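Student: Next up is a structure, given as structure tokens.
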Amino acid sequence: MPNHTFKLNGETVDVEVEDDVRLLWVIRDLLGVTGPKYGCGINVCKACTSHINGKAFNPCSVPVGAVKPTDEVTTIEGLADTAPGGDLHPMQQAWIDNDVAQCGYCQPGQIMAAVAKVRQCRAEGREVDDAAIEELRNICRCGTYNRIREAIKAGAEKM
Amino acid sequence: MPTHRATTTRSRPTAEPAHRADVKRRSFLGLLVAAPVLVTAAEIGRQTLFDSVPDASAVALPSAPQPAELYDLLDVIRDSARPTANLITVKVNKDGTVSFAIPRSENGQGIITSTQMIIAEEMNLDPDQVVVTLADARPELVFNQLTGGSSTTFSTYTPIRVAAALAQGRLLGAAANELDQDVSVLTSRQGLITGPNGKSLPFGDLTTKAAAPVTEAANVVLKDREKFTVIGKARTKSDALAMVTGKKKFTTDLKIPDALPTVICRAPDLNGFPRSVGNLAAIRAMPGVTDVVKVGTGVAVRAKTYGQCIDAVNALEVTWAAGTVSGEDDESVLRKLRRGELPLAAPKGLGTTLESEHVFYFRSNSSLETNCAIADVRANSATIWGPAKSPIAAQNDIARKLGIPQNAVTFHVMEGGGSFGRKLFYDAALEAAEVSQAMGKPVKLMWTRSDDSRQGRVHPMATTRIRANVTGDAVSSFEIRHTSVATEVNPGLSEAITATAQKVPGGNLTVSESIFVTTQVTPYNFGVSTNFLSEVDMRFNTSSMRNIYSPDVATARELMVDRIAARMGKDPYEFRSEFTKLERWKKVVDRAAKEADWGKSMADGTAQGIGMHVEYKGVACAVVELDCRPETVNREIRSARTGPRVTKVTYVVDVGLVINPRGVRAQMMGGINDALAMTLTSSLHLTDGHFVEASWDNYFYTRQWNTPPEMNIIVVDDSDAPEPGGVGEFGVAATCGAIACAYVRATGKTPSYFPLDHKDPLPFTPYPTSPPVPPSPVNGLETTF
């Protein structure tokens, strides 16, 4: 069986599984890291949003065979370590300050997408405004969208 | 000139309502439970605290109180829970914490946090010092372990307070002994009881001494509302940190030994079932697969990863039996509904008769966490983990399915990833038990998104017909006839309701009729005002989706209210303010209009709309602004519904006593976003015996690009009502009504069906029904940002 190596939340991991198994299941079912959630499996709901080399992506739609040993995958569990100081990433803190989460199921993906969106806006010299936030496709079935907006704007200021 | 006019609403005397003053002076009976440490419980078996008989406050043609005004669904559920309220105990632990296992289900409503607050208030603790967990299924609680109808806080508020107050009293008594001081000079703060000399003792040191040697009843007086310091203050959810760090565990996150991922291959038809499997051996040899068995609802595959389960499910060759609605579609079901419609009774001819009929298509209450459960079934026992709002019924059904006694089934209630009524049922738990038994192994069963969308429970298709007779400036009759595909009521809820529903005025109703009659209030003085339900079609998987019948009924009702107002030449807001039945309700309508700047100038193609709703011992009024201009309606977003956009919502709600205003606002926000979806964008289409929608790119729940940029939610903080009402579903109906009314005002067109876009061309190519699961893409690295 093929062996796969990559970096997950700062640590090198090693896993034996067929090439075509999607990374989400490798992370969750084989490596036991459960922050990224299943909501559709077809890159639509964005509940599994994580980062690869600092950019938002959806591991439900990436075969593990496409991940290189040098790739750094970050899930919600590793987000805080990517920011200087503190126990939490500023976006996580903004989420708590705004009491965004309701059931919490989609929120790891929401936060990971939000961080990437802020970075993208910065890189493109755009403001993190409602128009930018409306580009986010993450579903929250509890309907917390308006608090998410507030939190992203607050978190962006601290990033 | 009309012969008589509707006079304006008269104010009630403004003195504090007598019932509110009564509550704080009343003493309650609690129970000291014999235990090594202090354990207390509540004994509730007396008259309802809530004086819910309203005083009519308007005159024209006052409508008699409708059944739901006298005895509503919350009363039904609370009364069914009364006899067992004393089995719910507060325990003071030796480490000084206070613990309470709430026999309810948390799916994001925030009841764990609000329950911590209620106990903390009575015991002068910080909410963090109170540990609230979800209780396992406890059959001895009978009807008191049911989460539904927004009833949790209403039904548990007083029993929990009584138990907590009794515990506080016992601890003070024990401290008085230890400190050799009179109780009256002691203070209790943050789990520390302090005497006048500054000497203090922690709860943990006192709990053994305060423990009761024998179980006995004791009287207790509750804290005055005026002295509350925790209740009514905004508080962030206790698990907010766990949720933003990925530490919160949902069912499929659990690591139960050997419980491998399991997925069921399901039929193309709704409720089809497997006859035979052609390639079992080949599937069993697929990578990662450990077991494949045919079960009642399909063919179950257990594998090392869910991905491998799905690959195997899609490779299965199954011969399927036809489903329950084989060959049918939306319009054939609608024809059947129409044949079951009840007649409108009031004769036409008195003044002007206005009639309306609206169709409401199927909607999905699928939450983001799909149906799931873990089952470990052994020879004579079973252990189940899963989200469940009625775990006792689940435990009973699972035991019957497995052929073992109910007490051999342990049901651990997990926090759910959303419910919206879906988790009143336990379809996945029942299946997981069946599959685990068949395989002889533990399984972690999960429905795929397409299963959840196509085979999962739905809000039923329905029609609402209204006839109103308008005479001059009065409404002499207002009849609502709601005809629906049957809403399946889960065993736990239906037993609770049948146990108490005979108390409803005019009693002796079926379960669904009971729910309808105990939830529907036409909040206006409309003379003879009646609401009836008929249900006609039992072949669908349905459930009580958030706010059950009210989103549809309120949409139709508020549209008719606007028509009546127009007929009389009155402004929609002023009409509601004038005709609403109670002063408490009028206050909310007036406040919403004021906060929303009702009547302000709006651009062509945009409009405000107003809707009100009375339910859950409370009252709500929504004012929305809707943009129906072509540049908005036609904006293009990939794989999305756009259409008319709600640009602002003002929502005023009086839910009675507010425990956690932040939690209440959160529930309203969710309800408002649900209302957008219900009214504008989200529905299921039945075609050839199955629902077309297989995922979130087909079923258009509200997204960031739909949600109102402005939302102003105002929770009334000085309600006359003495107790907390229901919150979880209360954002939906009033908003639905307001959006529908705004659409008519913006476009001049009255829709005959909802959601508005149901008959528009589908903005997607449907996924095939066979194989059943859309395969995961492989290009995820091309869409990074």
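Student: Quick one: Cα convex hull volume of the stretch A:3-75, Å³ per residue?
Tutor: Measuring per residue, one finds 72 Å³ for the Cα hull of the stretch A:3-75.
Student: Compute the Kirkwood hydrodynamic radius of the stretch B:379-456, taking the inverse of the mean of 1/r over all pairs of distinct Cα atoms, and give it in Å to one decimal.
Tutor: Working: mean 1/r = 0.0780 Å⁻¹.
Its Kirkwood hydrodynamic radius stands at 12.8 Å.
Student: Beyond 20 Å, what share of the Cα-Cα pairs of the stretch A:85-158 remains, rounded to the nearest whole percent?
Tutor: Percentage above 20 Å: 21.
Student: Still on this structure: So how long is each side of chain B along the principal axes, counting just the alpha-carbon atoms, biggest first, in Å?
Tutor: The principal-axis extents, from largest down, are 84, 79, 55 Å.
Student: When only alpha-carbon atoms are used, what values of Rg and Dmax, in angstrom, describe the stretch B:651-704?
Tutor: In Å, with Rg to one decimal and Dmax whole: 15.7, 49.
Student: Running Debye on the stretch B:289-347 with equal point scatterers at the Cα sites and no solvent, what base-10 log of I(q)/I(0) appears at q = 0.15, 0.17 Å⁻¹?
Tutor: Values returned for q = 0.15, 0.17 Å⁻¹ are -0.66, -0.72.
Student: So which residue, out of A:Cys60, A:Cys106, A:Cys121, gets the largest mean-square fluctuation from a GNM of chain A using Cα contacts under 10 Å as springs?
Tutor: A:Cys121
Student: Using a 10 Å cut-off on Cβ atoms, rank the peptides B:621-634, B:359-372, B:731-744, B:334-347 from the highest mean neighbour count down. Before the final figure, lay out each step's value.
Tutor: Working: B:621-634: 21.1, B:359-372: 25.1, B:731-744: 30.5, B:334-347: 14.0.
Averaged packing, sorted descending, gives the order B:731-744, B:359-372, B:621-634, B:334-347.
Student: Note down the relative contact order for chain B as a percent, whole number, built from C-alpha pairs under 8 angstrom at least six residues apart. It would help to have the intermediate numbers written out before the result.
Tutor: Numbers: 1887 pairs, mean separation 128.2, N = 785.
Reported relative contact order: 16 percent.
Student: Quick one: how many lysine pairs does chain A have with C-alpha atoms less than 13 Å apart and a gap of 8 or more or different chains? Give me the count, please. Please report the intermediate quantities before stating the final value.
Tutor: On the way: A:Lys7/A:Lys68; A:Lys37/A:Lys46; A:Lys55/A:Lys117; A:Lys117/A:Lys153.
Step by step, the pairs that qualify in chain A add up to 4.
Student: What distance in nm separates the two pseudo spin-label positions at B:Ser639 and B:Lys247, each 7 Å out from Cα along the beta-carbon direction?
Tutor: 3.4 nm
Student: Can you compute the equivalent ellipsoid semi-axes for the stretch A:1-146, i.e. the square root of 5 times each eigenvalue of the Cα gyration tensor, sorted largest first and rounded to whole Å? Write down the numbers at each step before the final one.
Tutor: Details: eigenvalues 134, 54, 43 Å².
Each semi-axis is the square root of five times an eigenvalue, giving 26, 17, 15 Å.
Student: Roughly how big is the protein assembly as shown's charge dipole about its Cα centre, with Cβ charges of +1 (Lys, Arg) and -1 (Asp, Glu), in debye to the nearest 20?
Tutor: Computed about the Cα centre, the dipole is about 820 debye.
Student: Could you work out the relative contact order of the stretch B:191-304, using alpha carbon pairs under 8 angstrom and six or more residues apart, expressed as a whole percent? Walk me through the numbers before you get to the answer.
Tutor: Values: 84 pairs, mean separation 20.0, N = 114.
It comes to 18 percent, rounded to a whole number.
Student: First check a/c for the protein assembly as shown, with a ≥ b ≥ c the square roots of the eigenvalues of its C-alpha gyration tensor; if it is under 1.5, answer rounded, and if not, answer prolate when a/b is larger than b/c or oblate otherwise. Before the final figure, lay out each step's value.
Tutor: On the way: a/c = 1.44, a/b = 1.09, b/c = 1.32.
Rounded.
Student: Evaluate the relative contact order of the stretch B:377-451 (contact order divided by residue number), counting alpha-carbon pairs under 8 angstrom at least 6 apart; express in whole percent.
Tutor: Here the relative contact order equals 38 percent.
Student: Let me ask something else. Could you work out the mean count of beta carbons from other protein chains within 10 Å of each residue's beta carbon in A:22-30? Could the numbers behind the result be given before it?
Tutor: Values: counts 10, 4, 5, 11, 2, 0, 6, 12, 3.
The shielding value for this peptide is 6.
Student: Hey, in the GNM for chain A with a 10 angstrom Cα cutoff, which one of A:Gln93, A:Gln110, A:Gln102 fluctuates hardest?
Tutor: Between A:Gln93, A:Gln110, A:Gln102, it is A:Gln102 that shows the largest mean-square fluctuation.
Student: Counting only DSSP beta bridges with both residues in chain B, tell me the antiparallel percent, nearest 5.
Tutor: Details: 89 of 120 bridges.
Rounded to the nearest five, the antiparallel share is 75 percent.
Student: What value in Å³ per residue do you get for the convex hull of the alpha-carbon atoms in the stretch B:661-785?
Tutor: Numbers: hull volume 24.9 nm³, N = 125.
Per-residue hull volume (Cα only) is 199 Å³.
Student: I've got another one for you. For the stretch B:711-785, which trypsin sites (Lys or Arg not before Pro) are both in a DSSP coil and crowded by at most 14 other Cβ atoms within 10 Å? Could you put the intermediate results ahead of the total?
Tutor: Details: sites: B:Arg745, B:Lys749, B:Lys759; in loops: B:Lys749, B:Lys759.
Passing sites in the stretch B:711-785 are B:Lys749, B:Lys759.
Student: Given only helices, namely DSSP H runs of n ≥ 4 each adding -39500 (n - 2.57), what is the per-residue ellipticity at 222 nm of the protein assembly as shown, to the nearest 500 deg cm²/dmol?
Tutor: Working: 26 runs with 275 residues, N = 944.
So the calculated ellipticity at 222 nm is -8500 deg cm²/dmol.
Student: For the stretch B:596-671, run through the trypsin sites (Lys or Arg not before Pro) and keep only the ones in DSSP coil with at most 16 other Cβ atoms within 10 Å of their Cβ.
Tutor: Values: sites: B:Lys600, B:Lys617, B:Arg635, B:Arg638, B:Arg641, B:Arg645, B:Lys648, B:Arg662, B:Arg665; in loops: B:Lys600, B:Lys617, B:Arg635, B:Arg638, B:Arg641.
Those satisfying the criteria are B:Lys600, B:Arg635, B:Arg638.
Student: Can you tell me the FRET efficiency between B:Ala282 and B:Lys600 if r is taken as the Cβ-Cβ distance and R0 is 60 Å, rounded to the nearest 0.05?
Tutor: Numbers: r = 68 Å, r/R0 = 1.13.
With a Förster radius of 60 Å, E is 0.35.
Student: Follow-up. Which percentage, to the nearest 5, of the DSSP beta bridges contained in the stretch A:3-75 is antiparallel? Before the final figure, lay out the partial values.
Tutor: Working: 12 of 14 bridges.
If we restrict to bridges inside the stretch A:3-75, about 85 percent are antiparallel.
Student: Please compute the average number of Cβ atoms from other chains found within 10 Å of each residue's Cβ in peptide B:443-450. Present the calculation step by step, with values, prior to reporting the outcome.
Tutor: Working: counts 0, 1, 0, 1, 0, 4, 7, 3.
Mean number of neighbouring Cβ atoms from other chains: 2.
Student: With helices defined as uninterrupted DSSP H runs, which ones in chain B have an alpha carbon span along their own long axis of at least 24 Å and mean Kyte-Doolittle hydropathy of at least 1.0? The partial results should precede the final answer.
Tutor: Details: long enough: B:152-179 (39 Å, 0.45); B:550-568 (26 Å, 0.03).
Helices passing the filter in chain B: none found.
Student: Now a separate question. Name the residue farthest towards the positive end of the dipole of the protein assembly as shown from the options B:Gly417, B:Val301, B:Thr735, assuming +1 on Cβ of Lys and Arg, -1 on Cβ of Asp and Glu, about the Cα centre.
Tutor: B:Thr735
Student: Translational D (Stokes-Einstein, µm²/s) of the stretch B:153-287 at 20 °C and 1.002 mPa s when Rh comes from the Kirkwood sum over C-alpha pairs?
Tutor: Here the translational diffusion coefficient equals 101 µm²/s.
Student: Moving on to the next point. Is there a quick way to get the dipole size of chain B? I mean about its Cα centre, with the Cβ of Lys and Arg at +1 and of Asp and Glu at -1; what is the value in debye to the nearest 20? It would help to have the intermediate numbers written out before the result.
Tutor: Values: 83 positive and 84 negative charges, 44 e Å.
The calculation lands at about 220 debye.
Each value in this text was obtained by applying a stated rule to the coordinates, not by laboratory testing. A quick note: this is a predicted structure, and the numbers were derived from the prediction, not measured. Counting neighbours? That spans all protein chains shown, and the Cβs are built from the backbone with ideal geometry, glycine included.
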